[in-house]
Amino acid sequence: MNSIPTEIVLPTESLGVVAHAAGDMRVEHVAVPAPAADEAVVEIAYGGVCGSDLHYWQHGAAGESILRAPMLLGHEVVGTVVASARDGSGPATGTRVAVHPATPGPGDGARFPADRPNLSPGCTYLGSAARVPHTDGAFVRYAVLPTRMLRALPDSLSLRGAALVEPASVAWHAVSRAGNVRGARVLVVGSGPIGALVIAVLRRAGAAEIVAVDMFEKPLAIARELGAARTLHATDAAAIAAVEADVVFETSGNHRGLASAVRGAARGGRVVMVGLLPSGEQPALISLAITRELELVGSFRFNDEIDEVIAALADGSLFVDPVITHEFPMADALEAFTVAVDAGASGKVLLRFD
């Protein structure tokens with residue numbers, strides 16, 4: 001049975017990145033809770049700054065998830081188990097792991113497909129203020145996590161190399177929502193980190209031609225490194241409409257991006273909506289979607305795709321290296337977030353927790 005070795009002294013507090021309110025983020029000491037029987041203590045090595053982290057920092061909310069109390073940020077994390085679970089579940093001490101940050105749950109009992117737990121109404125996510133009390137994240141040196149969240153990493157995959165496992169799983173799930181893309185012409189609207197990772201997954205899946213769209217040259221350059229055959233500026237409406245893609249991925253989370261996606265789809269095509277638009281009503285080219293018989297498909301988080309992503313990163317078939325553009329020590333989290341919010345100058349920004 002895995003158990004905490006007697007020589008391991010667990011810390012009672014640890015440095016973490018905490019959002020207190022809009023514009024108020026601090027690197028401060030937080031308590032490390034005593035692990036339950038099915039929880040392990042993970043020493044976090046790297047964490048990727050996500051759009052939701054930026055929203056909590058800038059606005060005190062991410063969509064309808066409003067920050068009502070201080071909350072540890074972060075859900076894109078990898079690290080090493082320093083104390084395994086007392087009940088013997090999960091990886092042994094010393095195992096390097098990625099983290100699946102979701103906890104599915106029945107919530108209010110609303111119906112959802114049993115094989116798609118990402119849609120469960122009570123699903124929580126690390127670093128989310130969707131519920132009160134909030135679900136703390138894992139931007140902390142020592143994180144106490146349920147062993148069901150932990151995925152052992154192959155020896156061939158470094159911790160830094162695994163830092164994109166979580167967002168790459170979001171991209172992998174999105175591509176699966178498109179169906180078979182082998183031989184297809186594909187348009188990706190928005191070439192930030194998620195859009196870039198969608199391009200990487202599409203390349204691995206055999207898409208014949210990938211066209212990337214963005215407002216800025218930096219993400220378009222990354223898109224070309226990952227396999228985009230052509231890149232277009234987001235304001236070039238005529239060029240986007242002329243793509244006539246079999247499949248379009250909208251990853252910008254902007255209603256103008258969705259309009260570009262609809263215009264850029266071929267008749268009878270499919271538009272996969274990945275970017276999360278603001279809550280409430282949004283303008284959309286529904287009449288055009290109807291007359292072209294477009295399929296508008298949502299994509300939200302991921303399920304067990306994380307295991308396929310780890311395997312693909314480990315064997316080298318999924319190439320994502322250009323997505324990471326910056327790395328900062330945790331102490332410089334404010335600078336890291338400031339860089340990450342500049343979409344024209346950065347891709348994925350990592351925090352290092354050593």
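Here are some notes:
- Criterion applied to Arg301, Arg270 was being more than 25 Å from Tyr125 (Cα to Cα) and among the basic types (Lys, Arg), and the one residue passing it is Arg270.
- Selection of region 313-354 for residues being of a type in the set (Phe, Trp, Tyr) and outside any helix (DSSP H, G or I) yields Phe319, Phe328, Phe353.
- Considering only residues in region 87-130 that are in a loop (DSSP other than H, G, I, E, B) and among the charged types (D, E, K, R), the one that is nearest to the chain's Cα centre (by Cα) turns out to be Arg116.
- One residue from Arg86, Arg68, Arg148 being more than 30 Å from Ala314 (Cβ to Cβ), surrounded by fewer than 17 Cβ atoms within 10 Å (Cβ to Cβ), basic (Lys, Arg) and out of contact with any strand residue (DSSP E or B) (no Cβ under 8 Å at 6 or more places or on another chain): Arg68
- Among the residues of region 89-119, those identified as of a type outside the set (Val, Ile, Thr), touching a strand residue (DSSP E or B) at 6+ places or on another chain (Cβ under 7 Å) and closer than 21 Å to Gly298 by Cα are His100, Pro101, Ala102, Gly105, Asn118.
- Any hit, region 140-150, residues being without any contact (Cβ under 8 Å) to a residue 12 or more places away in the chain, over 30 Å from Pro219 (Cβ atoms) and among the charged types (D, E, K, R): no
- 3 or more residues aliphatic (A, V, I, L, M): qualifying strands (runs of 3 or more DSSP E) within region 144-250: 185-189, 209-214, 245-250
- The residue of region 283-303 that is modelled with the lowest pLDDT, among those that are assigned to a loop (DSSP other than H, G, I, E, B) and surrounded by fewer than 13 Cβ atoms within 10 Å (Cβ to Cβ), is Pro283.
The values are calculated or read from the model by the stated rules, or taken from the named source; none is laboratory data. Model, not experiment: these values are computed from the prediction. Cβ sites come from the backbone with ideal geometry, for glycine too, and all protein chains shown count toward neighbours.
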